């Protein structure tokens, strides 16, 4: 099997790169996606300045979906006394290409170190508009950090009590399976930063009752041990930045290599010139062009693994 490495464009290929971009733009093909084989896509992408950033409002709210489907929003008590943010298309039969009464795929959304804040709820809304039932879970039991010091305190507490965090995450999977509008065999997890690491932990520690159909992590803490990663049963999408000081590209490469060695279907993308938390519109590292591209890859990955089969 072809084990491709994360590729960086070097100066000697600038002319070829320009030609490839020109041909891709003319043909309508996304030049950023390099298909290598059925189990791996691995690239490094530069900033695409042609992508507009008008999807970002002045208060940091994102409008990533073109859908106008009305949404139903609820506070869902899914674990002990913990409530998450549940959102889904108001009338499942109105979702494009769906049949009345058809159950929808679902996604567990896991917050950054800040907690279940408005930014995460906004992302849950945007994903729900695409025809998903989304449960944004809460690993902080109602607390939302307002400063880095508080965020660090909360994230350390959650990590020190990883068994409790895993019980929370598994309960979220179980809760979604009980919903009448959810396809219990099509549940994925997505997380950013701390949440990305937790999404990976859920994939590594799932049992028959909490098994995931797919896992998505945006610059989350990685596990690179091949034996540990062999426990993953579904495809993996990883989104990273090459300037991330907490998750070096060497670790990303080891992660990809270990997934490939286990024949785990994966797509790994590393964006040039961006650092940690580049997808957060309220942070100093926000990179709107890269976020827009990464979100499109996220939707394609979810559609392929939760809707198309």
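Bear in mind that the values in this text are calculations on the coordinates, not laboratory data. Note that this is a predicted model, so its numbers are computed, not measured. Positions of Cβ are generated from backbone atoms using ideal geometry, with glycine treated the same way; all protein chains shown enter the neighbour counts.
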Volume per residue of the C-alpha convex hull in the stretch 61-307, rounded to whole Å³: 115 Å³
Shape call, the stretch 131-201: gyration tensor on alpha carbons, a/c limit 1.5: prolate
For the stretch 240-306 versus the stretch 159-199, the gap between their alpha-carbon centres in whole angstrom: 20 Å
Residue-span extension gain [residue 185 to residue 147] - 0.36 nm each, minus C-alpha spacing: 9.8 nm
Efficiency of FRET from Cβ geometry, residue 249 and residue 296, R₀ 25 Å, rounded to 0.05: 0.70
